[in-house]
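What follows draws every value from the coordinates through simple rules; no lab data is involved. Since the structure is predicted, the reported quantities are computational estimates derived from the model, not experimental observations. Here the Cβ positions follow ideal geometry from the backbone for every residue, glycine too, while neighbour counts run over all protein chains shown.
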Amino acid sequence: MTPDALPSSVWPVLHYDDTKEALRFLVGVLGFEQVVAAPDEHGGIGHAELRWPGGGALVFGSTRHTDSVHGQMRAGSSAVYVVSDDVDAVHQRVVDAGGEVLEAPHQTRFGSGAAAYVCTVQDPEGNLWTFGTYCGPPSQ
């Protein structure tokens with residue numbers, strides 16, 4: 001995490017069938033930074049915490065663990081928006097890795113009317129990841 005990045009107070013939680021592949025894709029392709037990756041009894045990752053270089057955090061675990069309130073979550077049923085000042089670089093890493101690009105980088109307007117430059121990719125288990133320049137409304 002960069003020194004000027006603020007810690008996140010919102011942590012999306014995702015679940016994967018193949019947690020090792022998820023970690024490889026999220027860190028090695030999308031560009032998250034690994035903070036924690038605790039192994040589980042099945043040879044996978046039981047709990048992982050990742051940070052986005054510009055701020056923000058993400059937790060993920062295995063769909064094998066069904067003994068908590070999150071144990072009912074399915075793999076591939078989430079969508080995450082990540083603020084990025086280099087959408088083209090994320091897009092290129094996904095292309096270079098042979099990943100699935102659902103929307104190449106383009107200008108768009110969100111439902112609020114805000115303009116942004118975005119691209120949307122799909123991780124190996126079907127979760128959607130939109131990277132864009134929109135970072136929220138101006139502070140008032």
Karplus-derived 3J(HN,Hα) from phi for segment 125-132 (6.51 cos²θ - 1.76 cosθ + 1.60, θ = phi - 60°), whole Hz, x at Gly and Pro, runs 10, x, 5, 9, 10, 9, 10, x
Checked the chain against the a/c 1.5 cut and the a/b vs b/c comparison, axes a ≥ b ≥ c from its Cα gyration tensor; verdict prolate
So residue 101 and residue 13, fully extended at 0.36 nm per residue minus their Cα-Cα distance, gain in nm 29.5 nm
In degrees, nearest 10, the alpha-carbon axis of helix 87-96 is tilted away from the dominant principal axis of the alpha carbons of the chain by 50 degrees
Applied in sequence order to segment 34-42, the curve 6.51 cos²θ - 1.76 cosθ + 1.60 (Karplus, θ = phi - 60°) yields integer Hz couplings, x standing for Gly and Pro, of 6, 10, 9, 8, 8, x, 10, 6, 9
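Under a point-charge model restricted to the Cβ atoms of Lys and Arg (+1) and Asp and Glu (-1), what is the dipole moment magnitude of the chain relative to its Cα centre, in debye to the nearest 20?
Working: 7 positive and 17 negative charges, 56 e Å.
Around 260 debye, computed over the chain.
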Given backbone amide H placed at 1.01 Å from N, residues whose amide H is under 5 Å from that of residue 40, ignoring those fewer than 5 places away on the same chain, are 45, 46
Relative contact order in percent for the chain (Cα pairs under 8 Å, 6+ apart) equals 22 percent
Projected onto the charge dipole of segment 13-132 (unit charges on the beta-carbon of Lys, Arg, Asp and Glu, signs +1, +1, -1, -1), the Cα from 28, 42, 80 with the largest positive-side position is that of 80
Residues whose built amide H sits under 5 Å from the amide H of residue 14, excluding neighbours closer than 5 in sequence, are 59, 60, 61
The set of residues whose placed amide H lies less than 5 Å from the amide H of residue 56, leaving out same-chain residues fewer than 5 positions away, is 8
